[in-house]
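Here is the structure we will look at, set down as structure tokens.
Since every read-out is calculated from the coordinates, none of them should be taken as a lab result. Predicted, not measured: the structure shown is a model, and the values here were computed from it. Cβ atoms come from the backbone with ideal geometry, glycine included; neighbour counts cover every protein chain shown.
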Amino acid sequence: MNKWLLTLLLLIPLLPEALAETAQEKGLAIAVEMDQRDTGWGDMTADMQMILRNKRGDESLREIRVKSLEMANDGDKSLTIFDRPRDIKGTAFLSFTHALKPDDQWLYLPALKRVKRISSSNKSGPFMGSEFAYEDLSSQEVEKYTYKWLKNDTLDGRDVFVVERYPAYKHSGYKRMIVWIDMKIYKPLKLEFYDRKNALLKTLTFHDYKPYLEKYYRPDRMEMKNHQTGKSTTLTWADYQFGTGLSDRDFDRNALKRTR
Amino acid sequence: MQRLTRLLLLWLVVTPAMGGEWSGYVSGEVRLFPNSPAYPDQRGDNLSFSFEPQYYNEWDNGKQSFTFTPFLRFDQRDDERTHFDIRELTWLKAATDWELRVGVRKVFWGVTESRHLVDIINQTDLVENIDREEKLGQPMINLALIRDFGTIDLFLLPYFRERTFPGKNGRLRIPIPVDKDLVQYESGARERHVDSAIRWSNSIDIWDIGLSWFHGTSRDPLLIPVLDKRGTLKLAPRYDIIDQVGLDVQATQGSWLWKLEMIRRGGQGKSFTAFTGGFEYTFYGIQDSSADLGVLLEYLYDSRDDAAPTPFEDDVFAGMRLALNDAQSTEVLAGFIIDRNDGGATFNLEASRRLSDNWKLEVEARFFNGYERTDPAYTFRKDDYVEVKLSYHF
């Protein structure tokens, strides 16, 4: 047999691999599809309740109202208002999120009537003492991570993509995350967070997705479990409203000051 | 006082029918003074209670609102500290490019931690705390114009509030009590002089900038020694008409906050300049924990030097802020302000921890050390204190 022909024959089994997309490309394509399916919702308001549980099972409650505004070529704007615990009632948090550039954040302290610009380097810090870090609740932009598709699988009877992602922004508390994404609605069902030392830190699960404006899926409940501390947080959402006519003006420092 | 109490009671009965919501707090505090007082009539450890409810109602899709916040304090020993004030009684109307507020309010301007130089709209409620962060409600009409180049706030301040001063039984005061009955004004209109202010503020990239101008009655009085009718030496507060330009800037870059506040004031003796500038740097997630540790350093300057009626004319503030970021929001802010001339120093500590959804515990301590006779802080030399405050928030 001709030497050239032999080489060709040996290469044939490799061809489909070379033509198909890499695991990185496939992971990215899934993230892009997730992002596209969640584009166009405009603005949203919702009530959020958090139940914080420590290892002994002691609970404490947080009640928060959230307003968000979708931005076309940037991260979303959001205004978070605290109702409970009562000592921080009226405290409000304004955030302009960005994909890779640090977010712009202001805090309104009602006792002093003071608007304070704060650093956004605390991405890995706990939100309100809960098991959710600021970065877990921040707006999800494609550029925030690099991706790697691991496999297709099923989770609780649903077909899922299993994708690994790596933070591309600074100050993340994670080395990587594994996401189980529902193939039908392109929404995460489960997330595993690995700390900077690559040890499993937390698991987040999403429950009872419902469509709003027919196609924007939002969960009713999220459960975060910290495997290293034994603490957990249940986050429930209520009264989602879309298209309430919010604009940039509802997300500036003047609006922050008059928020109650 | 009695009429106000009755009005307040009537309000409490009537408002549930109007909707809206009540929130607020009740606090009990004890101040422990380890040293015996420096001046006659001053007393020892002190108990005090305060109550600050807030009524809030909004309508017109949140574009209009009404807020009412009365404040009441009962003090065991100081009659001047026992007082009532309306902190807020405001109607607000917000439109797309303007916001109008009419009534009694509190406004804060500024960025630094050790001193609030630029903040001038409200009078200090000095009997509350010597940190000057407690303010009396200020009657005003405030129109905010919201433009692409920032927000312009216009203020008309039709009535002046006099500063509160501790009475003769109170601690943390100057040797001779200030007698408010002897008040002097530069303006013939006295407390009815209409003060005005304008402020431009904007946020550009990492910069948050405010530029302000105030014309009217100085919130800081000069204290003039006078003899009253009986021939007793008293201090009369004198309020001059001043012009003050203020600048406040913060640059937020990564874990750094760079801060500057600067004022130029004319009309109260010789014109003078004062500034506070420095930084706050935060180490996030120290020792692989959730806790953050911030380091603060600020320099405080006043061109009046030793003639300044403030202890902070050439001082350095160094402090740290520890936030555990736990479910109880445990926080500690501690620091020194050191006078670079006489070496006198004030140590401050403020700590707080939530006990439950409604209860909160706070500890505050101040120690005064090594001030020379000429320093205004010298009069506090025996007034080191530790305050423990328990509050119920509803």
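A few comments on the model shown:
- Net charge of Cβ neighbours under 9 Å - reference B:Thr252; Lys, Arg +1; Asp, Glu -1: -1
- Annotation: amide H of A:Glu131 within the under-5 Å range of A:Thr233, sequence separation 5 or more or interchain, hydrogens built in the peptide plane.
- For the range A:51-196: relative contact order, % (alpha-carbon pairs under 8 angstrom, 6 or more apart): 13 percent
- Relative contact order computed over chain A (Cα-Cα under 8 Å; 6+ residues apart), in percent: 19 percent
- Close amide H pairs (under 5 Å, H built 1.01 Å from N) link B:Ala327 with no residue at least 5 positions away or on another chain.
- Two-site FRET efficiency, B:Tyr159 against A:Asp248, from Cβ-Cβ distance with R₀ of 45 Å, rounded to 0.05: 0.80
- Surrounding net charge for B:Gly44, when Lys and Arg each add one and Asp and Glu each subtract one, Cβ distance under 9 Å: +2
- Taking every alpha-carbon pair under 8 Å whose residues sit at least 6 apart, the range A:118-260 reaches a relative contact order of 14 percent.
- Checking the Cα-Cα distances for A:Lys113/A:Lys210; B:Lys135/B:Lys382; A:Lys170/A:Lys210; A:Lys123/B:Lys93; A:Lys67/B:Lys259 against a 28 Å cut-off, the pairs over it are A:Lys113/A:Lys210; A:Lys170/A:Lys210; A:Lys123/B:Lys93; A:Lys67/B:Lys259.
- Couplings 3J(HN,Hα) for the range A:55-60, derived from phi with the Karplus relation 6.51 cos²θ - 1.76 cosθ + 1.60 (θ = phi - 60°), are 4, 7, x, 5, 10, 9 Hz, where x marks Gly and Pro.
- Once exposed loop GluC sites (Glu not before Pro) are cut out (DSSP; at most 16 other Cβ, 10 Å), longest piece of chain A: A:22-213
- Here is the list for the range B:200-236: trypsin sites (Lys or Arg not before Pro) lying in DSSP coil, each with at most 14 other C-beta atoms within 10 angstrom of its C-beta, are B:Lys229, B:Arg230.
- Note, ³J(HN,Hα) from phi for the range A:243-260, Karplus 6.51, -1.76, 1.60, rounded to Hz, x at Gly and Pro: x, 8, x, 6, 9, 3, 5, 7, 10, 10, 5, 5, 5, 4, 5, 9, 5, 10
- Cleavage-rule hits, trypsin sites (Lys or Arg not before Pro), the range B:272-356, DSSP coil, Cβ neighbours within 10 Å at most 13: B:Arg340
- Neighbour cut-off at most 11 other Cβ (10 Å), DSSP loop, GluC sites (Glu not before Pro), the range B:135-233: none
- In this simple spin-label model, placing a label point 7 Å from the Cα along the Cα-to-Cβ direction at both B:Ala308 and A:Asp38 gives a separation of 5.1 nm.
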